[in-house]
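What follows is a short report on a single structure.
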Amino acid sequence: MNNKHYDAIIIGGGHNGLACAGYLAKAGKKVLVLEAAEQLGGLGATREFAPGFKASVAHTLPQLTNKLVNDLQLRKHGFELAANSLATVALSPAGQHITIANGEVQGASAADAESYQAYKRLLGRFADTMDATWHKTPPVMTDGGFKDASTLGMFGLKVRSLGKTDMREFMRMIFLPAQDMMDEFFETPLLKAALSWDYNVGNKLAPRSPNNAVLNQLLKMSGDMSGNGELPLPKGGVGGLINALAKSAKAYGAEIRTGSPVASVIVQDMQATGVSLENGESISANHIISNTDPKTSFFKLLGVQHLDVEFTQRINRLRMNGLVSKVHLALNAEPKFTGLNKANGRIIIAPTMQYIENAFDQAKYKGLGEDLALEVIVPSLHDNSLAEAGKHVVSIQVQYTPYDIAGGWDAHRSTLLENVIKTLEQYAPDIRSQIVASELLTPVDLEQQFRVTGGHWHHGEFAIDAWWMNRPAYGASQYKSPVAGFYNCGAGSHPGGGIMGAAGANAANYILKEEK
Amino acid sequence: MPLTIANLLKPEQIAHVPNGSLGSPFHERTSPLNFNQAWEEWNGFLAANYYRDEHLEYFSTRNTCGVLDVSPMNKYRFKGPDAEAMLNRMVTRDVTKHPVNTVQYNIWCTDAGRIIDDGTIFRLSQDEFMLTCAEPNMDWFQLAKVGFDHVDITDMSHELAALAIQGPTSCALLKAMGFKGIENAKPFDIVKFPYLDGEIMISRTGFTGDLGYELWIDPKNAIALWDDVFSTGKIFGVQPLGLESLEKARLEAGFLSPYVDFHPALHTMDKGNDHSPFEMALSWIVNFNKGHFTGRAALLKEKQAGKHRRLLKLDIEGNKAAESAILYRDAACQKQIGYVTSAMWSPVVKANIALGLVEGKYADGPIYAEVYHQKELRWIRKVCKCTKKTKPFWAPARAKQTPPADT
Ligand SMILES: Cc1cc2nc3c(=O)[nH]c(=O)nc-3n(C[C@H](O)[C@H](O)[C@H](O)COP(=O)(O)OP(=O)(O)OC[C@H]3O[C@@H](n4cnc5c(N)ncnc54)[C@H](O)[C@@H]3O)c2cc1C
């Protein structure tokens with residue numbers, strides 16, 4: 001037994017765990033972060049995937065806020081952007097690309113360029129409305145009404161302040177599929193496909209899926225590093241942010257240990273009192289805070305014997321299967337895309353929404369489409385820390401690749417990589433010959449290497465039924481759990497996934513408030 | 001020769017009315033005895049309401065011994081290294097302290113602490129349990145299993161035929177059948193004997209509150225067992241028993257009946273129509289010291305608030321069963337405080353007994369029942385004073401004695 005006793009132990013040094021540690025340590029708490037991997041950062045870690053080439057699974061920061069950066073003094077600790085905002089480029093097979101940059105659409109029809117302004121204004125207002133929710137502990141429903149209803153009130157006020165017309169539109173649009181939104185505003189298929197990307201990526205959603213596409217889009221617009229809806233690129237990959245978060249937390253007094261997987265949470269008299277590490281060591285604390293996904297938290301670390309039957313089933317039913325794979329390519333030269341001067345934007349490869357939908361249809365039935373939809377970034381064009389001069393890293397999100405693919409991933413890995421490269425070749429004909437190394441991370445790889453159940457972007461589907469006061473499930477939506485002393489602070493908690501640190505910060509604030 | 005329909009008509013002469021229910025493993029024997037073919041459906045099986053005369057049958061549980069076919073009971077097997085932990089987290093009693101080869105009455109609740117059902121758990125070995133209950137519960141058990149990887153739950157209802165043998169001569173009858181040492185079985189003990197070409201399991205359990213046993217056997221040996229019981233049992237006054245007499249006996253014993261005294265939570269639509277264990281006078285099996293179990297937090301809250309309704313044992317003035325009576329705080333019936341859930345004139349106790357559910361704050365004050373009864377079609381209303389009882393109405397010493405006295 002480590003005879004030191006902590007105010008809080010955080011299981012997992014992902015960006016949310018580190019943010020939580022930072023806020024708690026800043027408030028004077030004695031904090032210990034235990035990360036299983038040798039490296040901090042979880043899905044945000046920047047790793048050398050091939051000698052001399054680095055990349056992080058998450059690559060851009062649309063959800064990061066200045067508040068977090070300032071609160072934790074991250075710039076002082078080395079955080080920097082490599083690019084304030086990447087342009088979004090919709091690649092056309094014919095070389096007639098569409099670019100969305102600086103709030104303007106270029107390359108689509110004149111009508112679309114105009115509609116984009118109305119679209120942007122409306123979405124901006126919606127995103128602003130949702131801002132009332134992301135950075136606060138959700139309210140909970142009680143027998144007679146609500147507890148901690150102030151955020152509910154704030155949200156209500158925000159919705160009302162949209163004014164009658166926009167409020168009605170908000171209520172009408174919030175559950176629409178991306179395709180309905182796109183069809184309502186635009187006519188150019190290529191533009192629609194590119195703009196629909198953020199509505200769906202990370203979830204089990206395609207352009208025609210209802211439920212939470214708009215919500216997902218608005219979550220992606222929650223950051224303000226370079227303005228709403230912009231796409232900042234961190235220096236050093238997302239690992240650059242991770243390093244700053246870790247330095248900040250340490251500067252405030254937190255201890256951080258890597259290579260320290262937690263085996264279980266110690267529960268005594270129905271109270272979480274510590275953790276046991278896989279190496280047999282146990283450490284005690286007043287608050288045990290899990291940065292892992294809800295399934296891992298409740299099933300593996302805590303154990304369902306400490307939970308009620310119906311609550312357990314709500315966690316059990318969370319949809320944990322990821323659909324996004326990540327491909328990292330190491331190139332010996334700058335990639336050239338036909339009709340593009342420089343591949344320095346965020347490139348979307350999906351000619352139509354139907355193309356995306358087709359890939360999804362295959363995945364729905366556990367298959368793998370030949371035509372895959374891609375988001376491609378070449379971060380090394382903005383950042384010389386990722387590869388030697390003249391060499392480049394290509395960071396690619398691939399949709400849709402089902403976690404539970406029929407026959408298992410071993411049978412499909414090479415096909416998937418080949419399909420990605422074949423798809424790229426259609427737009428960048430020389431790329432195959434430039435590849436010196438590659439890394440493929442399927443949802444199963446993400447699960448194994450990053451300890452995220454299902455390899456899910458959000459640590460479990462981000463959906464209306466698992467949102468706000470239902471995230472991850474009622475009974476655990478306020479970071480605390482049914483077991484006293486046990487909390488969650490990862491992407492599975494409100495507000496969800498994406499690099500923003502909000503779950504970590506909210507959890508810390510909740511715990512600090514609870515103590516008062 | 002007893003008068004049975006079999007003396008009058010041969011079984012094949014009885015008109016067969018298909019009704020979708022199955023005969024139990026004893027049907028070949030019970031059907032000819034069922035004078036009016038008075039059956040009700042119980043879990044898809046035919047269960048006798050009464051064979052010939054429910055009063056006579058009832059008296060056998062108090063004076064000689066009655067035999068009830070309880071084969072339709074739901075029986076579930078929980079087996080594996082996680083069985084104990086899984087059950088312990090599901091029910092309100094401490095399963096970790098449940099000794100092997102004994103039976104415990106238990107209940108399981110929702111997260112909100114409302115009763116789903118009650119039943120008895122038989123601990124057959126360190127990692128094997130049999131749970132019996134009147135209603136099907138597999139869906140809840142499957143939910144309660146989530147997160148426990150090393151336990152298999154099987155519906156074994158069809159694997160066992162069961163007879164309850166209840167009444168003062170039951171032990172003597174079993175001894176006469178050759179079950180040596182059965183008299184040493186304490187209440188809730190389980191003993192096994194080689195029997196016929198296999199094994200029989202006997203538990204000292206029952207639903208009548210009297211001395212009694214339950215016999216569990218492979219269905220293929222059911223008929224032979226029945227014949228053995230009835231041929232050996234003649235001199236012990238053995239009598240087949242229907243559900244109507246059981247209903248009387250269980251009320252005298254103070255046992256609860258689902259859908260009569262409590263409404264199972266998973267089948268309850270409206271808030272407040274289901275029940276907590278505290279309301280059902282079951283606080284004695286809610287173990288707050290055993291660690292976590294489902295519903296614990298909600299139950300602790302309810303207990304601390306102390307405002308819950310209370311199921312009371314009532315001795316009611318007069319001799320007219322207070323069935324469906326409304327309960328009041330005052331003889332003028334101004335303030336309604338609850339209602340009767342079960343009621344009867346008890347012949348053995350010679351009292352007009354009932355279970356009544358009363359609002360918490362009135363449970364310690366005076367209680368009056370508004371009783372309606374008919375006299376040659378003429379309705380009569382009577383307001384009867386109720387006296388609260390703390391002990392079961394019927395609890396003869398022999399029910400607990402080991403060995404029980406031969407009668
Ligand atoms: C393919 C993909 C691409 C993405 N791209 C982007 C993007 O471009 N931009 C963006 O904003 N978001 C992106 N996301 C989402 C984002 O990466 C995640 O939502 C975010 O990283 C979640 O952060 P977290 O701190 O909550 O959890 P994680 O980053 O998953 O960190 C959890 C940590 O807990 C540790 N852990 C787990 N179990 C244990 C244990 N038993 N003991 C100790 N430690 C343990 C893990 O090792 C890990 O370090 C992407 C996600 C995926 C899957």
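Some values worked out for this structure:
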quantity: Residue check, A:Leu219 part of a helix (DSSP H, G or I) and within 12 Å of the ligand (Cβ to nearest atom); calculated: yes
quantity: Contacts under 6 angstrom Cβ, first residue in the range B:130-158 being more than 14 Å from every other protein chain (Cβ to nearest Cβ), partner in a helix (DSSP H, G or I), 6 or more apart; calculated: B:Asp155/B:Met138
quantity: Residues of the range A:257-294 that turn out to be open to solvent by 10 Å² or more (accessible area, probe 1.4 Å) and more than 11 Å from the ligand (Cβ to nearest atom), as a count; calculated: 14
quantity: Sole residue being touching a residue at least 60 places away in the same chain (Cβ under 8 Å) and open to solvent by less than 10 Å² (accessible area, probe 1.4 Å), chosen from B:Tyr58, B:Tyr50; calculated: B:Tyr58
quantity: Qualifying positions in the range A:146-185 - at positive phi and of a type in the set (Gly, Ala, Ser); calculated: A:Gly163
quantity: Selected residue (criterion: farthest from the ligand (Cβ to nearest atom)) from residues of the range A:25-48 that are open to solvent by less than 30 Å² (accessible area, probe 1.4 Å) and more than 22 Å from A:Ser264 (Cα to Cα); calculated: A:Ala25
quantity: Hits in the range A:295-307 (condition: open to solvent by 40 Å² or more (accessible area, probe 1.4 Å), within 14 Å of the ligand (Cβ to nearest atom) and of a type outside the set (A, V, I, L, M, F, W, C)); calculated: A:Lys295, A:Lys300
quantity: Selection count where residues are in contact with a Gly (Cβ under 8 Å, 6 or more places away or on another chain) and away from the ligand (no atom under 14 Å from the Cβ), scope the range A:308-330; calculated: 8
quantity: Sole residue being buried (at least 21 other Cβ atoms within 10 Å of the Cβ) and outside the structural domain of B:Pro366 (by TED's automatic domain parsing), chosen from B:His263, B:His292, B:His275; calculated: B:His275
quantity: Hits in the range B:81-104 (condition: more than 14 Å from chain A (Cβ to nearest Cβ) and either open to solvent by 10 Å² or more (accessible area, probe 1.4 Å) or in a helix (DSSP H, G or I) (or both)); calculated: B:Arg93, B:Lys97, B:Pro99, B:Val100, B:Asn101, B:Thr102, B:Gln104
quantity: Matching residues in the range A:63-100 - criterion: being part of a loop (DSSP other than H, G, I, E, B), open to solvent by 20 Å² or more (accessible area, probe 1.4 Å) and within 16 Å of the ligand (Cβ to nearest atom); calculated: A:Asn84, A:Ser85, A:Ala87
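The values are calculated or read from the model by the stated rules, or taken from the named source; none is laboratory data. Given the structure is predicted, the values throughout are model-derived calculations rather than measurements. A quick note on method: Cβ atoms are made from the backbone with ideal geometry, for glycine too, and the neighbour counts reach across all protein chains shown. We work out accessible area using only protein heavy atoms, side chains counted, and drop any ligands, DNA or RNA first. Shrake-Rupley method; radii C 1.70, N 1.55, O 1.52, S 1.80 Å.
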